[in-house]
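So the structure is just underneath, and the comments pick up after that.
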Amino acid sequence: MLRAVLVLVTVGLAVYAVLDVLRSRDEEISVLSRTAWVVISVVLPILGPVLWITVGRQRAEGGGGGGGGRGPRGPVGPDDDPGFLRDLDGHRDDGSRA
């Protein structure tokens, strides 16, 4: 039973790494090429994925939000939206109140 669990974990880790390599953009892959990372993840099913996760991929800075690190997102709230803030200043200059 333990052997079956270890095999499933190993295969799952390798499949995860291969899919993650294939889904990553070129800017997110470091050190080696996409093909090399796929081969390493398949040939070394435990070490390859661990190396991919720790060394091979470069995620966007400032992760920690729910964005997954897949690039910049738009404004989260009105105070982050430059257009909203510009319009707010325009209303203030007109003397009108919202």
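In the set (1) at pLDDT 70 or above; (2) touching a Lys or Arg at 6+ places or on another chain (Cβ under 8 Å), Gly67 fails one condition alone, (1). Among residues of the range 1-23 that are in contact (Cβ under 8 Å) with a residue 12 or more places away in the chain and under 16 Å from Leu47 (Cβ atoms), those with a Cβ under 8 angstrom from a residue that is among the basic types (Lys, Arg) and assigned to a helix (DSSP H, G or I), sequence gap 6+ or separate chain, pair up as Val21/Arg34. Among the residues making up the range 1-26, those that are surrounded by 12 or more Cβ atoms within 10 Å (Cβ to Cβ), over 13 Å from Gly56 (Cα atoms) and not aromatic (Phe, Trp, Tyr) are Val9, Thr10, Gly12, Leu13, Ala14, Val15, Leu19. Within the range 27-58, the set of residues being surrounded by fewer than 12 Cβ atoms within 10 Å (Cβ to Cβ), at pLDDT below 90 and either assigned to a loop (DSSP other than H, G, I, E, B) or among the basic types (Lys, Arg) (or both) comprises Ser30 only.
The values are calculated or read from the model by the stated rules, or taken from the named source; none is laboratory data. This one's a predicted model, so the numbers in the text were calculated from it and none came from an experiment. Neighbour counts run over all protein chains shown; Cβ positions are idealised from the backbone, glycine included.
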